[in-house]
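Before any comments, here is the structure.
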Amino acid sequence: MKAVTWHGVGDIRLDDVPEPRIQDPYDAVVRITTSAICGTDLHFVRGSVPDMAEGRILGHEAVGIIEETGPQVRNFRAGDRVVIPSTVACGVCCYCRAGYYAQCDHAHPHGRRAGSTFFGGPESAGGLDGLQAEYARVPYAHVGLVPLPDTVDDAQAVLLSDVFPTAWFGARLAEVSSGDTVAVLGAGPVGQSAVAAARLQGAGRIIVVDGAGDRLELARSQHAETVDFNAEDPVRAVVDLTGGIGADRVIEAVGVDAELPAHGPAAARTGAWAARFAEERDRIAVQRPADDGAWLPGDAPSLAARWAVSMAAKAGSVGVVGVYPPHADAFPVGEAMQKNLTLQLGNCNHRRYIPRLVSLVSSGALDPSPLVTRWSPIEDAVSAYESFDRREHRWSKVALTVSPAGAVSPGEGAGAGTGAGTTAGSGVQQL
Ligand SMILES: NC(=O)c1ccc[n+]([C@@H]2O[C@H](COP(=O)([O-])OP(=O)(O)OC[C@H]3O[C@@H](n4cnc5c(N)ncnc54)[C@H](O)[C@@H]3O)[C@@H](O)[C@H]2O)c1
Ligand SMILES: [Zn+2]
Ligand SMILES: [Zn+2]
């Protein structure tokens, strides 16, 4: 079968690989109809999240049709249409039962304290093959799959695999509630989804910070207020926009590949830190791509976290969903402590949120599909990755068409084009 595979930093390929098989009674094999490329995948190709195995199938976002189930998968049958949560969880241990699926005791082959397990990631994340492939093996399929009604199309559903639940989780970590002013760092797909998630959780105002014009434009189309860090100092802008107070809640949706501003007042201010950031980057991204301008790790790994803390109001709260590898250790603990901030962070407990989010889309309360900005056949996945890496115009969320038989085409689900789209109103009960 065709699959997108990792061969080294800056080296991904479309390979022919063997089809997966059921290995355990709780497994299912899913034929993928639609997959997607994520900012998390970029960290692996840039080397800023290391420990990838050569030949690993990439991808952790997908929708598909069940091909086969193991004998202990009692709630699904072949032919069911499903979305696959990115993190793998057993559904049995005390963590899963309490909703902390990303901290499952059984999913990681290296034991209880080895960390979160997700598809298509490094060995430290379980070393499981991913979902940018024609078929995928899903362990613990009884909780590792969520059924989809045909009212939810593939574009909407693939955003519910990772991006939207992560944004929802980020808003919960930041403790967003009625009337809050929320700052979102990063206007990639996760940051864009955080606009809708924060609004659905009651936010009064949402301010989005990024340096990419087309992404800020997309945020503005969701009626977020936008700040371009290449034109303004984002901390000063957020403090000014909030009457000198700062944002009540901050969602950090950038992670370890944060970039320095190229120009403007923030460039002047952060320039003094360039050597320190370079030292952080060299420690984090040990393997580096050949220096041809592609797959470059961010040049300021802790900058988004620093800005998040600085733009928060005193006694405010910060939720970090931007990804950092285990050995990233620069965080402005002193400033956060002095401001009495509440900090929460982590890998999304996808399975906790996806079923309710499927219902929200199906009911028309939420339509995330405008956030899919490009479609590409899986055969062109490598060039789609390259365009996404270079942040080419509107290469923001790339969905991959894999094997369309059985897919619900974009716009054909009843939820598409209904409700208020990604600008849906507030008042949804907390998940
Ligand atoms: N915690 C989780 O479970 C989870 C799940 C999915 C994704 N993620 C992470 O969320 C982050 C965002 O994902 P994405 O798909 O939107 O990625 P992306 O790469 O498309 O978006 C990142 C955005 O951050 C912007 N940016 C760069 N430097 C910045 C800075 N200093 N300040 C503000 N913005 C800056 C970039 O211009 C870009 O638009 C990634 O780190 C990804 O790994 C986490
Ligand atoms: Zn993802
Ligand atoms: Zn578990």
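The slack between E123 and D380, meaning 0.36 nm per residue of separation minus the straight C-alpha distance, is 89.9 nm. Comparing G244, G55, G186 in a Gaussian network model of the chain (Cα springs below 10 Å), the most mobile by mean-square fluctuation is G244.
Model label sites at R74 and I245, defined 7 Å from Cα along the beta-carbon direction, differ in position by 5.2 nm. Rounded to the nearest 20 debye, the dipole magnitude of the chain is 1240 debye, with +1 charges on Lys and Arg beta carbons, -1 on Asp and Glu beta carbons, and the Cα centre as origin.
Taking other Cβ atoms within 10 Å as a rough exposure proxy, W395, W273, W168 sort from fewest to most as W273, W395, W168. Residues within the reach of a label modelled at D292 (point 7 angstrom out along Cα to beta-carbon, backbone nitrogen below 19 Å), restricted to the stretch 1-42, are 5-15, 42.
Considering all C-alpha pairs of the stretch 214-321, those separated by over 18 Å amount to 56%. Over the stretch 373-414, the reciprocal of the mean inverse Cα-Cα separation, the Kirkwood hydrodynamic radius, stands at 11.2 Å.
Where only DSSP H runs of four or more residues are counted, the chain gives -7500 deg cm²/dmol as its mean residue ellipticity at 222 nm, each run worth -39500 (n - 2.57).
Here the relative contact order of the chain, from alpha carbon pairs under 8 Å that lie six or more residues apart, stands at 20 percent.
Ranked by how many other Cβ atoms sit within 10 Å of their own Cβ, fewest first, the residues V17, V195, V256 fall in the order V17, V256, V195. Using a ≥ b ≥ c from the Cα gyration tensor of the stretch 7-136 (square roots of the eigenvalues), is it rounded, prolate or oblate, where a/c under 1.5 gives rounded and otherwise the larger of a/b and b/c decides, a/b for prolate? It comes out oblate by the Cα gyration axes.
Note on the chain: antiparallel DSSP beta bridges, both residues inside, total approximately 55 percent of the bridges counted. Once Rg and the Kirkwood radius are both taken over the C-alpha atoms of the stretch 330-410, their ratio Rg/Rh works out to 1.13. If you take the Cα centroid of the stretch 23-42 and the Cα centroid of the stretch 350-364, the two points sit 19 Å apart. Placing +1 on each Lys and Arg Cβ and -1 on each Asp and Glu Cβ, with no other charges, gives the stretch 167-345 a dipole about its Cα centre of roughly 500 debye.
Result for the chain in a Gaussian network model with C-alpha springs under 10 Å: among G334, G202, G130, the largest mean-square fluctuation is at G334. Each of E335, E232, E61 was scored by other Cβ atoms within 10 Å of its Cβ. Listed from fewest to most, they are E335, E232, E61. Note on the stretch 1-133: with charges restricted to the Cβ of Lys and Arg (+1) and Asp and Glu (-1), its dipole about the Cα centre is near 400 debye. The 3J(HN,Hα) values that the Karplus relation (6.51, -1.76, 1.60; θ = phi - 60°) gives for the stretch 130-140 are, in residue order, x, 10, 8, 7, 6, 9, 9, 8, 10, x, 6 Hz. Gly and Pro appear as x.
Once the Cα atoms are used to define both axes, helix 163-173 deviates from the longest principal axis of the chain by about 50 degrees. Under 22 Å of direct C-alpha separation, and excluding same-chain neighbours fewer than eight residues apart, K314 reaches these lysines: K339.
Length available on full extension from R236 to A267: 0.36 nm per residue minus the Cα-Cα distance, which gives 9.9 nm.
The chain: D in µm²/s via Stokes-Einstein (Kirkwood Rh, Cα pairs, 25 °C, 0.890 mPa s)? Diffusion coefficient, whole number: 115 µm²/s. For D16 and E412, the difference between the fully extended length at 0.36 nm per residue and the C-alpha to C-alpha distance is 139.4 nm.
Throughout, read-outs are computed from the coordinates displayed, never taken from laboratory work. None of the values given here were measured: they were computed from a predicted structure. Glycine gets a Cβ as well: all are built from the backbone with ideal geometry, and neighbour counts include every protein chain shown.
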